[in-house]
Amino acid sequence: MTRKLLELSGIGADRLHLAWVSSAEAQRFASLTSEVVASVTRQGPLQRDRLQLQLEAARRTLDSEPVRWTLGKEKNLLESGDVYARKWTREAYETVLDTILEQEYQQNLIYAALRQGCESVYDIRDRIGLQPPRISFLLAQMEKGGLVELRSLKDSKPKFSAVAP
């Protein structure tokens, strides 16, 4: 999931390195450390200024209730099944999780753009790159959830603002 979120955000999944190493595996630890250092050197420093919106959206996504709930239900869904006693396959679960992760990330990206002064669908598009129909759909979902509000109409174009959480 974290790799998927790093890809969605443009940070890159290659920045995440995970490995289980026993205290008895000093040589393996040294080798892995060298690989990580080489990888980070190749990628260069993380450009936090350029990725400010993406980093904020990724953080908010990891804290979001739908993502936390879906992760918390993984074991039950795979072993016991859903409320209809249907067991899920790993593939089905990961497909649903990816869909939730993508939507939550995009909503949080829109929210971050609104907090930085974007107001219209087109302002948001220019800032984050999503297409206007997707932005409009997500804004409607976010308005229902109380995350954004329609503030005004200017030249028949809606202007939105983020509602403080």
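Restricting the range 102-138 to chymotrypsin sites (Phe, Trp or Tyr not before Pro) that sit in a DSSP loop and have at most 14 other Cβ atoms within 10 Å of their own Cβ leaves nothing.
In terms of other Cβ atoms within 10 Å, 60, 134 run from fewest to most in the order 134, 60. Of the residues 160, 58, 30, the one whose Cα sits farthest toward the positive end of the charge dipole of the chain, with +1 on the Cβ of Lys and Arg and -1 on the Cβ of Asp and Glu, is 160. Applying the criteria of a DSSP loop state and at most 13 other Cβ atoms within 10 Å to the chymotrypsin sites (Phe, Trp or Tyr not before Pro) of the range 1-89 yields 20, 84. Look at 153, 46, 62, 8 and count the other Cβ atoms within 10 Å of each Cβ; fewest to most, that gives 153, 46, 62, 8.
Here the convex hull built on the C-alpha positions of the chain has a volume of 156 cubic angstrom per residue. Spatially, the range 62-97 and the range 131-151 are offset by 26 Å when compared through their Cα centroids. Exposure proxy for 142, 1: other Cβ atoms within 10 Å of each Cβ, ordered fewest to most, give 1, 142.
For residue 144, the lysines whose Cα falls under 27 Å of its own Cα, not counting residues fewer than eight places away in the same chain, are 4, 73, 154, 157, 159.
Values in this text are rule-based calculations from the coordinates and carry no lab data. A quick note: this is a predicted structure, and the numbers were derived from the prediction, not measured. Reconstructed Cβ throughout: ideal geometry from the backbone, glycine too, with neighbour counts over all protein chains shown.
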